[in-house]
Amino acid sequence: MTLARIDVGAGTPVLLVPGYTGSKEDFRLLVQPLADAGYRAVACDQRGQYESAGPEDAAAYTVEALAEDLLGLAAELGPVHLVGHSFGGLVSRAAVLRDPAAVLSLTLLDSGPAALTGPRVEALPLLRPLLEQGGLVAVADALNAVAPVDQPPELRAFLRTRFLRNSPTALVAMADALTSEPDRVDALAAAGVRVQVVYGEADDAWSPAVQAEMARRLGCRAVVIPGALHSPAVENPAATLDALLSFF
């Protein structure tokens, strides 16, 4: 599976994996600074997201299937510092458990120990009927209705365009995966891979307390990003970059 990517710089590769409904552009404020620091920064769209094509088969979007794509990229790039945001963290964890030797380290960025918890999970059951009744446009309209009023018009336009290029099958299947993932923290702790947990101080997906407890179970450091919710790479890129570089 060929994944669309942003690929900047040279040196040790850093593979940045977006979350549910996200894309490589979620890391747009990190890739050049990582390259400037001497790394090869590669941010990808997962299959079925934005510019990465994907089949109309729900089985292609399980956590394990998506993890195989990451391992394919890691095989191409060489051992990577793997950074998984949100759902991308669950997929990245699965890749590490499948092949620990493929990674130099794993950063779980606003991700959790198991299935999604918190207020965001309550919206996911609405996705399937909206898609069935009105397709991607109906869901995009609903998302636009709850977008922040001060959201810049160009960002609003990009987010709509990006959403409309998602695979509907991928959206439903990834939502199912996101809400059914088992707790695999103990298996990750036993994998022998360097791990850090990084999260926004006011994350509204997995709570900061849940992520701090995950870090405790992993025996790894937890880094809290001030002034950030669920997207520290956008909301406080400087502190997020700091957390990555100091760990690498």
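Structure notes:
- Antiparallel %, DSSP beta bridges [both residues in the chain], to 5: 15 percent
- Assigned charges on the beta-carbon of Lys, Arg, Asp, Glu; segment 5-247 dipole about Cα centre (debye): 320 debye
- Cα gyration tensor of the chain - equivalent ellipsoid semi-axes, whole Å, descending: 26, 19, 19
- Residue-averaged 222 nm ellipticity for the chain, from DSSP H runs of 4+ at -39500 (n - 2.57), nearest 500: -13000 deg cm²/dmol
- When the Cα positions of 159, 22, 124 are compared along the charge dipole of segment 5-247, 22 comes out farthest toward the positive end, with charges on each C-beta of Lys, Arg, Asp and Glu.
- Look at the dipole of segment 5-247 built from charges on Cβ: of 100, 197, 115, the Cα furthest out on the positive end belongs to 100.
- Peptides 199-205, 45-51, 90-96 ordered by average Cβ neighbours within 10 Å, highest first: 90-96, 45-51, 199-205
- Residues 225, 6, ranked from the fewest to the most other C-beta atoms within 10 Å, line up as 6, 225.
Every number here is computed from the coordinates shown, using simple stated rules; none is lab data. Source: prediction; values computed, not measured. FYI the Cβ positions are ideal-geometry reconstructions off the backbone, even for glycines, and counts take in every protein chain you see.
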